[in-house]
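Visitor: For reference, the structure I am asking about is given below.
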Amino acid sequence: MSVVVKIQDPTGTEIGSFEAEDEKNLCEMAAMHGIEILKSCGAWFCGVCMCEVLEGWEAVDVNKTGNAGISTWDPKNPDHVLWCVWGIKSEMFNDEKEHVVVLKKMY
């Protein structure tokens, strides 16, 4: 049905939210709604765009708009994601549920 993405700054204060769109990565969607997300390479190499998933991990697609340049998954920090490639799973837009994803900026 819909997916709402809520963004927090590094201190945990909510700085914005938006309804997610299919076929877009999280950086694109945030920028479309005036939320600044640091990014550099846009290909999952540098890690500048890393954030933490606080809620809604089941809705996140790790290869939504491209394949990972390197694996940055760290078992000590399993909820960290990269905005530039990751997006929302397509099936989340086709069910009858309201989904919420809460992301906290690292930088």
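We did not get these values from a lab; they are worked out from the coordinates using the rules stated. Values in this document were obtained by computation on a predicted structure and should not be read as measured data. Here the Cβ positions follow ideal geometry from the backbone for every residue, glycine too, while neighbour counts run over all protein chains shown.
Visitor: Hey, can you grab everything whose amide H is under 5 Å from the amide H of residue 24? Only 5+ residues off in sequence or another chain; H modelled, so Pro and N-termini drop out.
Guide: 88
Visitor: So how far apart, in nm, are the two label points at residue 13 and residue 80 if each is 7 Å from Cα heading toward Cβ?
Guide: For the pair residue 13/residue 80, the computed spacing is 2.4 nm.
Visitor: Mind giving me the FRET efficiency for residue 94 and residue 38? R0 is 41 Å, r the Cβ-Cβ distance, nearest 0.05 is fine.
Guide: Details: r = 32 Å, r/R0 = 0.77.
So the FRET efficiency works out to roughly 0.80.
Visitor: Run the simple label-point estimate for residue 106 and residue 52 please: 7 Å along Cα→C-beta, distance reported in nm.
Guide: Reported label-point gap for residue 106 and residue 52 is 1.1 nm.
Visitor: Can you list residues whose amide H is under 5 Å from residue 55's amide H, if they're 5+ apart or on another chain and H is modeled 1.01 Å from N?
Guide: Sorted by chain and number, the residues that satisfy this are 102.
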